[in-house]
Amino acid sequence: MSDVTMPNLAELLDDLADESQPIYAKLKHAISLKISSSDWLPNQRIPSEAEIVKALRVSRMTVNRALRELTAEGLLVRHQGLGTFVAEKKAHSALFEVHNIAEEVAARGHTHRSELLVLESTKATMEEAMTLGVRTNHRVFRSVVLHFENNLPIQIEERIVNASLAPDYDKHDFAKHTPYEYLMTAAPMTEGEHLVEAVLPTKIECQRLQIQSTEPCLQIKRRTWAGDSIVTAARLLHPGSRFQLFGHFGR
């Protein structure tokens, strides 16, 4: 872990000019800019409260509040006896949008790959039929895909697909393209819904995600429509330490 240098700290003064905000909020914004622009990198130790107080000539209470709130928001992490560091960036998805996980990983400058664990063509169970809005015994595809970011597993994707709307799903090359890519071509999404909750993984899910049984996971249950028909229902499971959801609300 490297340290943020005092010249970097002095540059924060350039970002504290907005008089409409409280000083702690301006300091938070200035530090956030340093992190988002990669001037301050993950695992870098930032200056102590005392160093910031001395360099910027602001109160210790102001600095403490800014650092405390940035820590609560996940941008910083504090290690007892060592100092405060820039947090590792978690993978994240947009809460109100559906994106291709491969593109999200690439946007972070990382490498995506996937492993197909299950792919079968079968008849819908009663529960699957209710989920997809079809008759029992309607033909569906079931798939399980494990997604990696820089060779670290970040998502188990379990999916059922209405075979009448995506008839070539079982011919798709999942090593080269994600299920999202085929489905958006075969039956472009017009509507979707999310159900998000925290869950504990099963033994096999722990093995697939390479996590401990005590680590909570973020589960997203998603259904998507093309017109009036439900195309697919998916269960997406992410290790809590490697993933976050992001949403932006308009005024």
>> Quick check on the exposure proxy: order 130, 189 from fewest to most C-beta atoms within 10 angstrom.
In response: 130, 189
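Once you have the Cα-Cα distance between residue 191 and residue 152, take 0.36 nm times their residue separation minus that, and quote the gain in nm to one decimal. Numbers along the way, then the final one.
On the way: separation 39, 0.36 × 39 = 14.04 nm, distance 3.10 nm.
That pair, residue 191 and residue 152, stretches by 10.9 nm at full extension.
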>> Just to check I understand the Karplus step: with θ = phi - 60° and J = 6.51 cos²θ - 1.76 cosθ + 1.60, what whole-Hz values come out for segment 33-40, glycine and proline as x?
In response: 5, 4, 6, 5, 8, 6, 5, 10
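Would you mind checking the pairs 176/203; 123/176; 28/54 and listing those with alpha carbons more than 21 angstrom apart? Write out the running numbers ahead of the final one.
On the way: 176/203 28 Å; 123/176 27 Å; 28/54 17 Å.
With Cα atoms farther than 21 Å apart: 176/203; 123/176.
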> Label-point separation (nm) for residue 204 and residue 33, each offset 7 Å from Cα along Cα-to-Cβ?
Replying inline: 5.1
> Could you list, bin by bin from short to long, the percent of Cα-Cα pairs of segment 91-246 in 5 Å steps?
Replying inline: 2, 9, 19, 22, 21, 16, 8, 3, 0
> Around residue 87, which amide H atoms from residues at least 5 apart in sequence, or from another chain, sit under 5 Å from its own amide H, with H modelled in the peptide plane?
Replying inline: 43, 76, 77
> Across segment 139-146, in residue order, what do the Karplus-derived ³J(HN,Hα) couplings come to in whole Hz, using 6.51 cos²θ - 1.76 cosθ + 1.60 with θ = phi - 60° and x for Gly and Pro?
Replying inline: 6, 9, 10, 10, 9, 10, 10, 9
>> Expected output is a single nm value to one decimal: the length gained when fully extending between residue 82 and residue 43, i.e. 0.36 nm times separation in residues minus the C-alpha distance. What is it?
In response: 12.9 nm
> Under the Karplus relation 6.51 cos²θ - 1.76 cosθ + 1.60, θ = phi - 60°, what is the ordered set of whole-Hz ³J(HN,Hα) values for segment 42-49, x standing for Gly and Pro?
Replying inline: x, 6, 6, 7, 8, x, 6, 4
> What is the local net charge at residue 122, summed over the other residues whose Cβ is closer than 10 Å to its Cβ (Lys, Arg +1; Asp, Glu -1)?
Replying inline: +1
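Which length gain, in nm to one decimal place, applies between residue 139 and residue 69 when the Cα-Cα distance is subtracted from 0.36 nm times their residue separation?
Length gained, residue 139 through residue 69: 20.1 nm.
Computed from the coordinates by the stated procedures, all read-outs in this text should not be read as laboratory data. Computed from a predicted structure; not experimentally measured. Note that each Cβ is placed from the backbone with ideal geometry, even for glycine, and that neighbours are counted across all protein chains shown.
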